[in-house]
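Derivation of every value follows stated rules applied to the coordinates shown; laboratory data play no part. Fair warning: this is a prediction, and the values are worked out from it, not measured in the lab. Here the Cβ positions follow ideal geometry from the backbone for every residue, glycine too, while neighbour counts run over all protein chains shown.
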Amino acid sequence: MHPIPTLVEQLAVALRAREQMMATAESCTGGLIAGACTEISGSSDWFERGFVTYSNAAKCELLGVPAALIEAHGAVSEAVARAMAAGAVANAHAHWSVAVTGIAGPTGGSADKPVGTVWFGWATPEGVFTEHRRFDGDRAAVRQATVAHALDGLLRRLSQHP
């Protein structure tokens, strides 16, 4: 996988070429994906907005994630990642989004959802796609791996879309 700045540059090129925008919906990364995207000058051409929805209430209020979905599946779940990604596009002027919800640690893990568990959602013109990963390392390592995978996943989906 490419370093984060390289992924951002490639995203910028792909989104500018399409004259399209992206948004982020972040929980465990607390805005790091949006921060990486806006690190480069001119990102307002392709980065529309970022939602930092760390609490369950924020997921519901800002992204429209149904509270019942969080109660049924937990905040760190495929269903919530899917709803976050869809909610980011629905509540922004964006064509694409990436959403992450996970357990960065060192606390908060369980047998079912250990520290390092992250669910990803990508909203694209074709629909919403999800993926699950488990990253090793401390909190910083889990968060950085999450940012890189989120950006890489969006770039892969952009490259598959004409």
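Worth a mention:
- Karplus-derived 3J(HN,Hα) values for segment 8-23, using 6.51 cos²θ - 1.76 cosθ + 1.60 with θ = phi - 60°, are 5, 4, 5, 4, 4, 4, 5, 6, 4, 4, 8, 6, 10, 10, 10, 9 Hz; glycine and proline are entered as x.
- Peptides 110-123, 43-56 ordered by packing proxy, namely the average of other Cβ atoms within 10 Å per residue, highest first: 110-123, 43-56.
- Per-residue [θ]222 nm for the chain (sum of -39500 (n - 2.57) over DSSP H runs n ≥ 4, rounded to 500): -13500 deg cm²/dmol
- Estimated FRET transfer efficiency when R0 is 30 angstrom, pair Arg49-Ser110 (beta carbons, to 0.05): 0.40
- Ranked packing of 33-40, 100-107, 81-88, most packed first, by mean Cβ within 10 Å: 81-88, 100-107, 33-40
- With an a/c value of 1.5 or above and a/b not larger than b/c for the gyration tensor axes a ≥ b ≥ c computed over the alpha-carbon atoms, segment 28-155 is described as oblate.
- Rounded if a/c under 1.5, otherwise prolate or oblate - segment 72-139, Cα gyration tensor axes: prolate
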